[in-house]
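Notes to accompany the following structure.
The values are calculated or read from the model by the stated rules, or taken from the named source; none is laboratory data. Note that the structure is predicted; figures quoted are calculated from it, not measured. Ideal geometry is used to build each Cβ from the backbone, glycine not excepted, and the neighbour counts take in all protein chains shown. All accessible areas refer to the heavy atoms of the entire protein, side chains included, with ligands and DNA or RNA removed. Shrake-Rupley method; radii C 1.70, N 1.55, O 1.52, S 1.80 Å.
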Amino acid sequence: MIRAYKFLMRPTVGQTQALGEMLRDHCALYNGALQERRDAYRHVSRTSIKYRQQSAQLKEIRAFDPECQGRWSFSSQQATLRRLDKAFAAFFRRVKSGDTPGYPRFRGVNRFDTVDFPKDGDGCRWDSTPHDRTTRVRFQGVGHVKVNQHRPVVGKVRTVGVKREGKRWYVILTAEQAEPEPLSPTGSVIGIDMGIANFLADSNGEFVPNPRHGRQAAAKLESAQQALSRFPRVRRDRRTKNHQKAVQRVGDLHRKVRRQRLDHAHKTALDLVRAHDLIAHEDLRIRNMVKAPAPKPDPDRPGAFLPNGAAAKAGLNKSINDAGWGVFLTILTSKAESAGREVIAVDPRNTSRTCPKCGHVAAENRPSQDIFHCVSCGHRAHADTVGAINVLRAGLVRRDARQG
Ligand SMILES: [Zn+2]
């Protein structure tokens, strides 16, 4: 099983410059190779140049240009030529199928953001200072760059990549992991209901709270965004020092919130997968369609709609939550898969208004956000627990239908 990892790098000033030059030179190589293919294609002979021929010239190019092209890893340069080859293969494939695709284009140096190293140890070395507490990755021509390794890398590292995103530099790894042993069955099944007050409620009446610092960080993010919105919209290079700081702060807080959510999601998913053979959850796609606030028609202007208060109020918290649940379910599904557990998505319609005791379905069963109180039999419970129980039931029905 191949897994990808992405870590922020902390290059020194000198390393940052070298990384920039590495991208610049790989970009020049890409464009040069593209030029050569263009010229050949336009020539009356319609010669086509292949990757093999271009790769064979690399040695010479490096010898001619020791200051630039000669500095970098041979293998990473081959990877760049191969990337061009792929662009051409896609182009010709589309021509063949009758499309009129655009001819592969030259890349501006700001649009060229990645360099690939096809093999760890060849022009690069992941964890190049294993005795040091700080993780580093070494790149030929750049040196040992510090890495923010926020989680462990499992298995053997195969490929290494450098990626620039704005002012940040990332190292991208792929590692090959042995197939995990499926966990032994526990005989337990569970349903979960993802909420706002709590991250989720389960069908056993337990709750998983939201990440401890999540709300605090979200509040800070909101005020940082407000602060940012007070600056005029101007081009990046015309922003004042304070404006730049405000932009930076919003970005930092976004990343912080995202990281906290991610850690929390991993932990929650792991607990569920360890303890249960089957986990049923609401299908988020259906839920978003069903639970979106209905538009209010404007009584004064037929055909027009009033601004929808519910949507505005839900605002930031809702969008963070929605994104968080999506990420959580992706993590849950992948962990369950490798552990041999079953995850079932069910239609969430009526899960919050069906009585688990008597089966009575009514919107009035849920007098408030938290409370479930059946108008038929009088059953009382936390509304999210009821939702989770109904989700589990629907999940078991689906599983039995599938097996039967
Ligand atoms: Zn009832």
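Compute the Cα gyration tensor for the range 123-224, then decide on rounded, prolate or oblate, letting a ≥ b ≥ c be the square roots of its eigenvalues: rounded whenever a/c is under 1.5, prolate when a/b is larger than b/c in the other cases, and oblate in all that remain.
Note, shape of the range 123-224 comes out oblate.
Starting from the Cα-Cα distance between Lys267 and Lys50, subtract it from 0.36 nm times their residue separation and give me the gain in nm to one decimal.
Using 0.36 nm per residue and subtracting the Cα-Cα distance, I get 73.3 nm.
Just to be sure I understand: with springs between alpha-carbon atoms less than 10 Å apart, which residue in Phe139, Phe88, Phe328 has the highest mean-square fluctuation in the Gaussian network model of the chain?
Phe88
Pairs of alpha-carbon atoms within less than 8 angstrom and 6+ residues apart define the contacts here; what relative contact order does the chain have, in percent?
Rounded, it is 15 percent for the chain.
How large is the charge dipole for the range 1-94, taken about the Cα centre, if only the Cβ atoms of Lys, Arg (+1) and Asp, Glu (-1) carry charge, to the nearest 20 debye?
With Lys and Arg at +1 and Asp and Glu at -1, about 620 debye.
Quick check for you: with a 1.4 Å probe and neighbouring chains kept, what is the accessible area per residue of the chain, in Å²?
Value for the chain: 59 Å² per residue.
Rounded to the nearest 10 degrees, what's the angle between the helix 13-42 long axis and the longest principal axis of the chain, both from Cα atoms, 0 to 90?
Result, in degrees: 70.
Please tell me the relative contact order of the range 100-179 in percent, rounded to the nearest whole number, where contacts are Cα pairs under 8 Å and at least six residues apart.
So the answer I get is 26 percent.
Can you tell me the dipole magnitude for the chain around its Cα centre, using point charges on the Cβ only (Lys, Arg +1; Asp, Glu -1), in Debye to the nearest 20?
It works out to roughly 1620 debye.
Could you please tell me the mean projected area of the C-alpha convex hull for the range 1-61, averaged over all directions and given in square nanometres to one decimal?
Mean orientational projected area (the range 1-61, Cα hull): 7.1 nm².
Rounded to the nearest 500, what is the 222 nm mean residue ellipticity of the chain from helices alone, with -39500 (n - 2.57) per DSSP H run of 4+ residues and division by all residues?
-15000 deg cm²/dmol
Local charge sum around Leu272 (other residues, Cβ-Cβ under 14 Å, Lys/Arg +1, Asp/Glu -1)?
Net of charged neighbours comes to -3.
In a GNM of the chain with a 10 Å cut-off on Cα contacts, which of Ser48, Ser338, Ser75 has the highest mean-square fluctuation?
Judging by the Gaussian network model, the answer is Ser48.
Give the angle, between 0 and 90 degrees and rounded to the nearest 10, that separates the Cα long axis of helix 74-96 from the longest principal axis of the Cα atoms of the chain.
70 degrees
With springs only between Cα atoms under 10 Å, which of Tyr103, Tyr170, Tyr30 fluctuates most in a Gaussian network model of the chain?
Tyr103
Rg/Rh for the chain: what does it come to with C-alpha atoms and Rh from Kirkwood?
Checking Rg against Rh, the ratio lands at 1.06.
For the range 6-78, what is the relative contact order in percent, using Cα pairs closer than 8 Å and at least 6 residues apart in sequence?
Relative contact order, the range 6-78: 25 percent.
Summarise the accessible area of the chain (1.4 Å probe, protein heavy atoms) by the percent that is carbon and sulfur.
Here carbon and sulfur together make up 52 percent of the probe-accessible area.
With each pseudo-label sitting 7 Å past Cα toward Cβ, what's the His150-Asp122 distance in nm, one decimal?
3.1 nm
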